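Structure first, commentary second.
The values are calculated or read from the model by the stated rules, or taken from the named source; none is laboratory data. Since this is a predicted model, take the numbers as computed values, not measurements. Quick reminder, even Gly has a Cβ in these numbers, built from the backbone with ideal geometry, and neighbours come from all protein chains shown. In case anyone asks, the SASA skips ligands and DNA or RNA and just uses the protein heavy atoms, side chains included. Shrake-Rupley method; radii C 1.70, N 1.55, O 1.52, S 1.80 Å.
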Amino acid sequence: MPAQWTSLGGGAWETTAEAAHTGKMGVRMSAADTQQWLRHELPGCEPRSYLVSGWFRANGVKIGSAKEEHARLYVHVHYKDHEYRDTGQMYKDIPAGTYDWRRFAVRVVPNPLWEVSKVWITVTSQLKAGELDCDDIAMEPAKAMGGVSVLDWDNGTKPVVITDLSQCQPASALADRRLKGKWKVLAYEVPPYEGKMLSANFEADAPRVTLPLNIEGWHAIYIGLMTGNLRVKLSSDPSTVSRAKSHGSVEEVFFKAADLTGESLEFLQQSKGTPLACDILYVKLVPLSDAEIRRIAADRADTSTKRLCTTIDGFSYLYSRGATTEEELLQEIEEFRDSDFGTLYLQMTGAEMVNYASDIGFNLGSDGDDVIEVFPRAGDRVYAESLKERNRLGVNATEVHVRGAKELGMTVYVCIRPAAWVSAPPSEEFFRSPLYDNHPEWRCFDRDGTPVARMSYAVPQVRAHLVNILREAVRYGADGACVLYNRGVPNVLFEEPFCKLFQEKYGEDALKVDEKDPRIRELRIEIMTGFMQEIRAMLDEEQASRGQAEKLRMAAMV
């Protein structure tokens with residue numbers, strides 16, 4: 001037997017040097033008709049987050065569909081003076097197949113209000129076929145980077161908790177009943193805390209309030225939420241970010257880790273666009289150790305991991321939130337601060353549809369200088385009216401997002417959807433391009449003459465128009481341009497401009513040759529490659545006008 005381990009169930013396992021990941025011996029589990037258990041029991045542990053992990057290697061492992069058939073790394077957390085039904089149970093299923101050594105882990109977060117009496121770590125299996133090797137089981141404190149739980153931190157059991165939110169300022173924004181433009185103050189008790197919470201229902205339109213923290217040094221910030229979605233920022237932050245409860249009656253939601261010297265917290269209700277209720281119970285501040293501060297600083301300084309890409313479609317956040325100010329727009333960007341997202345693909349909305357005052361593009365939902373009368377959805381009106389207000393204020397959403405993302409060190413591509421010209425009913429009058437309406441002869445047509453709701457890239461004017469849309473957006477400081485081909489193909493069919501090019505190139509009628517003639521595809525490839533070359537030439541011109549040595553970048557989603 002491995003030291004300090006107990007065998008339960010059948011005996012279809014052995015310790016063998018062949019199963020060793022490190023050291024001299026490992027455990028090999030084989031196919032069996034009964035469940036195999038190998039269990040290690042630890043005494044009580046400190047209340048913090050842990051990672052229980054092990055190394056596994058599989059050779060032809062098959063796991064049947066019966067409930068008892070499995071391979072699993074299982075953890076039970078027992079609590080003093082509590083029955084088994086209160087035991088915390090967490091596990092990681094080990095996959096079937098054949099593979100070399102792989103590390104699997106399960107996150108363990110004990111209940112901080114109860115004393116842990118013992119921990120069971122179990123490797124359990126009932127295999128249909130094959131052999132599963134296991135070695136190097138470990139339990140260690142989880143590294144606190146994402147901050148899922150206060151117990152991730154060294155001082156997670158020693159927080160400063162602000163339970164009385166009636167001290168938020170200005171006092172004129174608070175009331176003891178539900179009033180328009182006010183947060184209601186309610187007494188609450190959520191063991192082990194009790195105090196005064198702030199509540200704003202759907203129609204409250206509660207204003208910004210500030211909570212003085214009166215604390216120095218680095219802390220991890222958690223907010224106890226009971227309902228809805230909160231917008232929150234430190235006083236020095238350029239914008240709020242959204243934080244929402246995902247489960248339970250009350251959830252401690254991680255905001256961020258920061259130096260709180262001289263800082264206050266600011267709370268806002270989401271009132272524009274689609275209003276969201278919000279109930280804030282308390283704020284929990286966990287002091288960070290010197291080692292944690294150094295680790296956070298090193299992580300934020302390391303740009304080598306910023307390999308994740310994200311996209312903003314230029315529409316959805318305006319549809320739901322109706323942002324009109326720079327701060328409201330920057331919320332879309334602030335979410336990526338100190339993260340591993342290093343590239344932003346920023347759309348303006350559609351093909352020639354842009355979300356700013358433009359000399360080239362079209363403002364969706366507009367009718368001349370005003371918005372249209374009838375909208376298909378409430379959010380469409382929010383989008384159009386917020387766009388009109390931003391134009392009045394001189395706030396350019398694309399410029400704000402490019403600038404904000406570059407301040408975070410992100411690479412920014414401005415993007416177009418080359419097929420987003422018109423939508424189907426009931427959105428056909430809201431989502432509709434003037435170029436599409438004014439030039440029906442430039443649309444795509446199928447082989448039988450059926451018009452298709454696309455503009456043809458065989459038409460030079462169509463390509464030139466979108467190249468100029470991208471040029472205008474690039475000039476707000478973007479690092480490059482991207483074309484989103486992954487929605488709405490085709491971009492070329494059998495319309496007259498295409499047939500004319502085919503006749504000139506091959507001396508034949510494209511409508512009379514076989515539809516699968518490879519020359520049809522080759523000409524389409526030539527047209528779309530030409531479009532990309534035209535964008536490349538535009539980017540080179542813009543690079544030269546900036547006087548910079550680095551080429552502006554180009555990308556495509558396909």
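Summary table
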item	result
Contacts under 7 angstrom Cβ, first residue in the stretch 62-74 being within 21 Å of ARG102 (Cβ to Cβ), partner open to solvent by 40 Å² or more (accessible area, probe 1.4 Å) and β-branched (Val, Ile, Thr), 6 or more apart	GLU69/ILE63; HIS70/ILE63; ALA71/ILE63
Breaking point among (1) out of contact with any Asp or Glu (no Cβ under 6 Å at 6 or more places or on another chain); (2) within 14 Å of GLU472 (Cα to Cα), for ILE360	(1)
Residues located in the stretch 393-436, provided they are of a type in the set (D, E, K, R) and modelled with pLDDT under 95	ARG417, GLU428, GLU429, ARG432
Residue tally, condition loosely packed, with under 13 Cβ neighbours inside 10 Å and either within 14 Å of PRO141 (Cβ to Cβ) or among the hydrophobic types (A, V, I, L, M, F, W, C) (or both), over the stretch 283-299	3
Residue that is farthest from GLU326 (Cα to Cα), among those in the stretch 207-254 that are part of a loop (DSSP other than H, G, I, E, B), hydroxyl-bearing (Ser, Thr, Tyr) and at pLDDT below 95	SER249
Test result for ILE372, of a type outside the set (Asp, Glu), out of contact with any strand residue (DSSP E or B) (no Cβ under 8 Å at 6 or more places or on another chain) and either within 16 Å of LEU470 (Cβ to Cβ) or at pLDDT below 95 (or both)	no
Residue check, ARG471 among the basic types (Lys, Arg) and closer than 20 Å to GLY350 by Cα	yes
Single residue of GLY10, GLY23, GLY60 found to be open to solvent by less than 60 Å² (accessible area, probe 1.4 Å) and more than 40 Å from the chain's Cα centre (by Cα)	GLY10
Any strands (runs of 3 or more DSSP E) falling wholly within the stretch 1-40 and containing at least 1 residues that are at pLDDT 90 or above, farther than 26 Å from LYS118 by Cβ and not aromatic (Phe, Trp, Tyr)	13-16, 26-30
Residue pairs meeting the criteria (Cβ under 6 Å; at least 6 apart or on separate chains; first within 21 Å of PHE531 (Cβ to Cβ), in the stretch 419-434; second of a type in the set (D, E, K, R) and part of a loop (DSSP other than H, G, I, E, B))	SER433/GLU352
Residue ID - nearest to ALA200 (Cα to Cα), chosen from residues in the stretch 167-184 that are open to solvent by less than 80 Å² (accessible area, probe 1.4 Å) and assigned to a loop (DSSP other than H, G, I, E, B)	LYS182
Only listed residue being outside any strand (DSSP E or B) and farther than 25 Å from GLU292 by Cβ, chosen from ALA187, ALA204	ALA204
Cβ pairs under 8 Å, 6+ apart, first in the stretch 102-130 and farther than 14 Å from MET90 by Cα, second surrounded by 15 or more Cβ atoms within 10 Å (Cβ to Cβ) and of a type in the set (Val, Ile, Thr)	PRO112/VAL150; VAL116/VAL77; SER125/ILE94; LEU127/VAL61; LEU127/ILE63; LYS128/ILE63; ALA129/VAL61; GLY130/VAL61
Selected residue (criterion: farthest from PHE430 (Cα to Cα)) from residues of the stretch 363-388 that are among the polar types (S, T, N, Q) and open to solvent by 10 Å² or more (accessible area, probe 1.4 Å)	ASN363
Tally of residues being free of Cβ contacts under 8 Å to residues at least 24 places away in the same chain and either more than 30 Å from VAL414 (Cβ to Cβ) or surrounded by 15 or more Cβ atoms within 10 Å (Cβ to Cβ) (or both) across the stretch 537-558	1
For PHE445: the one exception among (1) closer than 27 Å to MET557 by Cα; (2) modelled with pLDDT under 95; (3) open to solvent by 40 Å² or more (accessible area, probe 1.4 Å)	(2)
One residue from GLY195, GLY273, GLY248 being within 16 Å of GLN167 (Cα to Cα) and of a type outside the set (Val, Ile, Thr)	GLY195
Selection count, the stretch 300-343, where residues are among the hydroxyl-bearing types (Ser, Thr, Tyr) and closer than 23 Å to SER271 by Cβ	6
Scan of the stretch 251-270 for residues that are farther than 21 Å from THR163 by Cβ and either open to solvent by 20 Å² or more (accessible area, probe 1.4 Å) or out of contact with any strand residue (DSSP E or B) (no Cβ under 7 Å at 6 or more places or on another chain) (or both), ordered by number	ASP259, THR261, GLY262
Of all residues in the stretch 249-264 being of a type in the set (D, E, K, R) and closer than 17 Å to SER289 by Cα, the one that is nearest to the chain's Cα centre (by Cα)	LYS256
